[in-house]
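The values are calculated or read from the model by the stated rules, or taken from the named source; none is laboratory data. Since this is a predicted model, take the numbers as computed values, not measurements. Positions of Cβ are generated from backbone atoms using ideal geometry, with glycine treated the same way; all protein chains shown enter the neighbour counts. SASA here: full protein model, heavy atoms, side chains in, ligands and nucleic acids out. Shrake-Rupley method; radii C 1.70, N 1.55, O 1.52, S 1.80 Å.
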Amino acid sequence: MQLFTEIQKEVIARVEGATDSLKIAVTWFTNHDIFDAVLKKLDNKNFEVSLIVLNDRINNKSEGVDFQKLIGKRGNFYFSNTENMVHHKFCIIDNQTVITGSYNWTYYAENRNWENIVILQNPDVVKGYVEEFDKVIKAHDKIEKVAQKVNLKSSLSSEEYLQTDYQFQAESEIKKGNDLAAAKIYTELLRINNNLPVIATKRAEIIKKRNGQRLDVCPFEIGLGFKTGYIKMIPAFSKLPQMAQITGTYPKENLKSLKITVQKNDFRIITLKEFSFDGLQPQTTGTPKVSVFLNLHETGVLDIFCEELNGYGRTKMEHLDLKQWLS
């Protein structure tokens, strides 16, 4: 059997019909609909899934498919690398059927490219693919924890693939009525390229739709900046109200002041408020030094409460109306 259109539909149907195992080797895998079908097979504790994809920015990104979920459900997961990439695009079903061709399991391939797959059930052909898959897997380490590195270079010379794939993914979520999922994807698109006025407008329309006089969701990620780095506190598009608390530690010896920055982080970082505790007493590095509590109300007001620890008791408090930063 050969197929040139509606490939996603056929792949999902074949995956859903599998009874024992899936062995998947594709360079890029970003399509959530196909991934969800694969993930569901692991509800059967006797079903086995093994998957290898390329570790690059297209696969290993925010709002990409969650390979950690596959690992968490007993799936065998492997990354290939750009220096010696696995460029195969095939899936072996129950060690009896092979799906192969030009088609990567991405929105880009489904919506943009001219693609093909063939479905083969010749035992000798299938045997060859099984042997090749086993050879590939033996040459790679099994991954237990996916470390997301959003700054990984794409293996392509251009970011067009990444941006276009995100746009098709967002359109898919809109069709399913998942406007918040689309807004998250639009945010990632704007982080890649903030000169996309149409995308910025679409994102703003979703935020405006969900946030009127009372906010339904947090319009952007809210985090804290310390000397030791940035910490996410309230996720973007999370349901309101939201509360979060964290303790900041003494970052180094002989420090005389400690600065805390409350930031909004969508596709750009903007400081909402900055606090400083001056005249600090010497402390050991790593000693808990300040507690920060955030409370975001449905009215859009963000309560910020900072307290110096270890018996000093100095506090700072602020109330910010986040509606002025809606965009």
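Selection over segment 27-45 of residues that are over 19 Å from the mean Cα position of the chain (by Cα) and among the aliphatic types (A, V, I, L, M) gives a count of 1. Looking at segment 97-111, can you tell me whether even one residue there is modelled with pLDDT of 95 or more and surrounded by fewer than 16 Cβ atoms within 10 Å (Cβ to Cβ)? The answer is yes, given that some residue of segment 97-111 is modelled with pLDDT of 95 or more and surrounded by fewer than 16 Cβ atoms within 10 Å (Cβ to Cβ).
Scanning segment 107-144 for residues that are in contact (Cβ under 8 Å) with a residue 12 or more places away in the chain and under 18 Å from residue 50 (Cα atoms) gives 126, 129, 130, 132, 133, 136, 137, 140, 141, 142, 143, 144.
Residues in segment 272-289 that are open to solvent by 30 Å² or more (accessible area, probe 1.4 Å), part of a strand (DSSP E or B) and out of contact with any Lys or Arg (no Cβ under 8 Å at 6 or more places or on another chain) were compared, and the one that is farthest from residue 193 (Cα to Cα) is 288. No other residue among 275, 267, 293 is at negative phi, at pLDDT 90 or above and of a type in the set (Phe, Trp, Tyr) apart from 293. Of everything in segment 43-60 that is open to solvent by 10 Å² or more (accessible area, probe 1.4 Å) and in contact with a Lys or Arg (Cβ under 9 Å, 6 or more places away or on another chain), the residue that is nearest to residue 171 (Cα to Cα) is 57. Of all residues in segment 1-37, those satisfying the criterion of being farther than 20 Å from residue 168 by Cα and open to solvent by less than 40 Å² (accessible area, probe 1.4 Å) are 3, 15, 18, 21, 22, 23, 24, 25. Here is the figure for segment 295-327: residues that are assigned to a helix (DSSP H, G or I) and free of Cβ contacts under 8 Å to residues at least 12 places away in the same chain total 1. Considering (1) more than 28 Å from residue 171 (Cα to Cα); (2) surrounded by fewer than 21 Cβ atoms within 10 Å (Cβ to Cβ); (3) of a type outside the set (Val, Ile, Thr); (4) at pLDDT 95 or above, say which one residue 75 fails and leave the rest. Residue 75 satisfies every listed condition except (2). Could you tell me whether residue 47 is closer than 17 Å to residue 110 by Cβ, out of contact with any Cys (no Cβ under 8 Å at 6 or more places or on another chain) and touching a residue at least 12 places away in the same chain (Cβ under 8 Å)? In short, no. Apart from one condition, residue 292 fits all of (1) open to solvent by less than 50 Å² (accessible area, probe 1.4 Å); (2) farther than 18 Å from residue 229 by Cα; (3) assigned to a strand (DSSP E or B); the exception is (2).
Residues are listed down the side, and each one gets a yes or a no for (1) at pLDDT 90 or above; (2) under 19 Å from residue 325 (Cα atoms); (3) among the β-branched types (Val, Ile, Thr):
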residue	(1), (2), (3)
149	no, no, no
162	no, no, no
181	yes, no, no
191	no, yes, no
209	no, yes, no
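Selection of segment 232-264 for residues being surrounded by fewer than 14 Cβ atoms within 10 Å (Cβ to Cβ), modelled with pLDDT under 90 and of a type outside the set (Lys, Arg) yields 247, 253, 254, 257.
Scanning segment 1-44 for residues being without any contact (Cβ under 8 Å) to a residue 40 or more places away in the chain, more than 26 Å from residue 122 (Cα to Cα) and among the polar types (S, T, N, Q) gives a total of 1.
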